[in-house]
Amino acid sequence: MLRLCLLRPRAILFRAYATSPSPHALLFIEHQGGEVESASLSALTAAGQLGGKVTGLVVGGPGEVEGVVEKARKLKGLSKVLHSTSKLYTPPLPETVSPLLQSLLSQGSPYTHVVSSHSATAKSLIPRVAGKLDIQPVSDVTSVQHDASDNSTTYTRLIYAGNAVATVKAPADMPLKFFTVRATAFTAASPQNEGGEAEVEAIDPITPESSPTTHVSTSLAKSDRPDLGVASRVVSGGRALKNAETFKATLDPLADVLGAAVGASRAAVDAGYADNSLQVGQTGKVVAPELYVALGISGAIQHLAGMKDSKLIVAVNKDADAPIFQVADVGLVGDLFEVVPELVEKLKK
Ligand code: FAD
């Protein structure tokens, strides 16, 4: 286990924020189709583990934000929801949202931590704002612990494609701490059963002085299957699936009978068998479902980095020495083109 200590921000920053004995996290809440993203619900759980208040921030275009705020204010653990609506935020790009986030953290701000899921947007937004404030963010944390006695926060995060765990401490005299959260490491927060609605406050949008980025269009892969990132069952295929047609014809019946999401190795994605939104691994999605079925996947460390925390791993591979068997709970040495149809028939019964 590695132990690292974050560098302290420059002394000038110490005057910019009041150190607070009690943590107060500002949580960046992402949404899609009027729903709070599941990864943001996991980030809320992580923010709650700091042991203080959590204020949410919802940003979006006209017509999007209201419904999300209604849902967010019922979430367990949120004491307040800030929201800002503008065409500027359709969609909320890091370049356009960062001046707003930065202004919320300006002098007199009550926040001690800035938290987000480790999403594509946050990977740009959080370092952008933290950099402006000369603070080092900590990314993709798998645990968080705040020590109220000295106001330090300690995180764990995986490094070397998940082969080592680094323990990282943000010291007490770092008055504002930024971190992003690995969603699979924290249970998603749920709505309050009754009462306890969070206070809601609208905040004015802030127009960036300049932005080199323009949003042209969003193209979302549509699927009736569960979302890969949060599905409780995943069936993934690798290079062995030969082409896009056999990939679909082999995996879909098994995914249908299991009610599972479909995933793929990078080799399968690079070869055009599957959309890159389905890639599991170090450079794809990190998943931790109840059941992960790996079909014709060798088990390279970059693939394992995205799925080895799955609760039950089932692997089918014709090579008995394939590394996937080292992490599999159930392994079957055989030809997947024979095994999978038989498995589907048995499961249907
Ligand atoms: P292969 O390694 O070619 O394995 C195919 C397997 O199929 C073999 O084990 C073979 O025995 C088996 N097989 C063949 N025919 C059959 C059959 N009929 N029935 C049963 N089994 C059969 N990879 C990822 O997956 N995700 C990532 O995010 C990722 N990120 C990367 C990042 C970097 C920086 C790098 C360098 C690599 C990354 N990779 C990633 C690539 C990774 O190293 C592997 O190349 C890739 O995972 C291999 O995919 P595969 O297992 O499908 O293919």
Test: Lys169 is out of contact with any Asp or Glu (no Cβ under 7 Å at 6 or more places or on another chain) and assigned by the TED database to the domain that holds Pro91: yes
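Within 18 Å of Ser42 (Cα to Cα) and crowded, with 17+ Cβ neighbours inside 10 Å: which single residue out of Ser98, Ser139, Ser143, Ser109 fits that description? Spell out the reasoning first.
Values: Ser98 fails: within 18 Å of Ser42 (Cα to Cα); Ser143 fails: crowded, with 17+ Cβ neighbours inside 10 Å; Ser109 fails: within 18 Å of Ser42 (Cα to Cα).
Unique residue meeting the criteria: Ser139.
Can you tell me which residue within region 247-268, out of those that are within 10 Å of the ligand (Cβ to nearest atom) and either over 27 Å from the mean Cα position of the chain (by Cα) or crowded, with 23+ Cβ neighbours inside 10 Å (or both), is nearest to Gly334 (Cα to Cα)?
Here is the first cut: in region 247-268, the ones within 10 Å of the ligand (Cβ to nearest atom) are 250, 263-268.
Filter again for either over 27 Å from the mean Cα position of the chain (by Cα) or crowded, with 23+ Cβ neighbours inside 10 Å (or both), leaving 250, 263-265, 268.
Values: Thr250: 15, Gly263: 20, Ala264: 19, Ser265: 19, Ala268: 19 Å.
Per the criteria, the residue is Thr250.
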Test: residue in region 278-288 that is out of contact with any Pro (no Cβ under 7 Å at 6 or more places or on another chain), without any contact (Cβ under 8 Å) to a residue 24 or more places away in the chain and among the hydrophobic types (A, V, I, L, M, F, W, C): no
Given (1) touching a helix residue (DSSP H, G or I) at 6+ places or on another chain (Cβ under 7 Å); (2) of a type in the set (Lys, Arg); (3) at pLDDT 95 or above, index of the condition Lys311 fails: (1)
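Name the residues in region 243-264 that are in contact with a strand residue (DSSP E or B) (Cβ under 8 Å, 6 or more places away or on another chain) and assigned to a helix (DSSP H, G or I), would you?
To start, the set of residues in region 243-264 that are in contact with a strand residue (DSSP E or B) (Cβ under 8 Å, 6 or more places away or on another chain) comprises 247, 250-252, 254-255, 258-264.
Residues satisfying the conditions are Phe247, Thr250, Leu251, Asp252, Leu254, Ala255, Leu258.
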Odd one out for Ala320, checked against (1) of a type outside the set (D, E, K, R); (2) assigned to a loop (DSSP other than H, G, I, E, B); (3) surrounded by 20 or more Cβ atoms within 10 Å (Cβ to Cβ): (3)
Hits in region 316-349 - residues which are near the ligand (Cβ under 9 Å from one of its atoms) and either within 25 Å of the chain's Cα centre (by Cα) or among the basic types (Lys, Arg) (or both): Lys318, Ile324
Selection count where residues are farther than 26 Å from Thr187 by Cβ and at pLDDT below 90, scope region 222-252: 1
Residue, farthest from His31 (Cα to Cα), within region 112-136, restricted to residues that are out of contact with any Ser or Thr (no Cβ under 8 Å at 6 or more places or on another chain) and crowded, with 22+ Cβ neighbours inside 10 Å: Ile135
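The values are calculated or read from the model by the stated rules, or taken from the named source; none is laboratory data. All values derive from a computational prediction rather than experimental measurement. Glycine also receives a Cβ, built like all others from the backbone with ideal geometry; neighbour counts cover every protein chain displayed.
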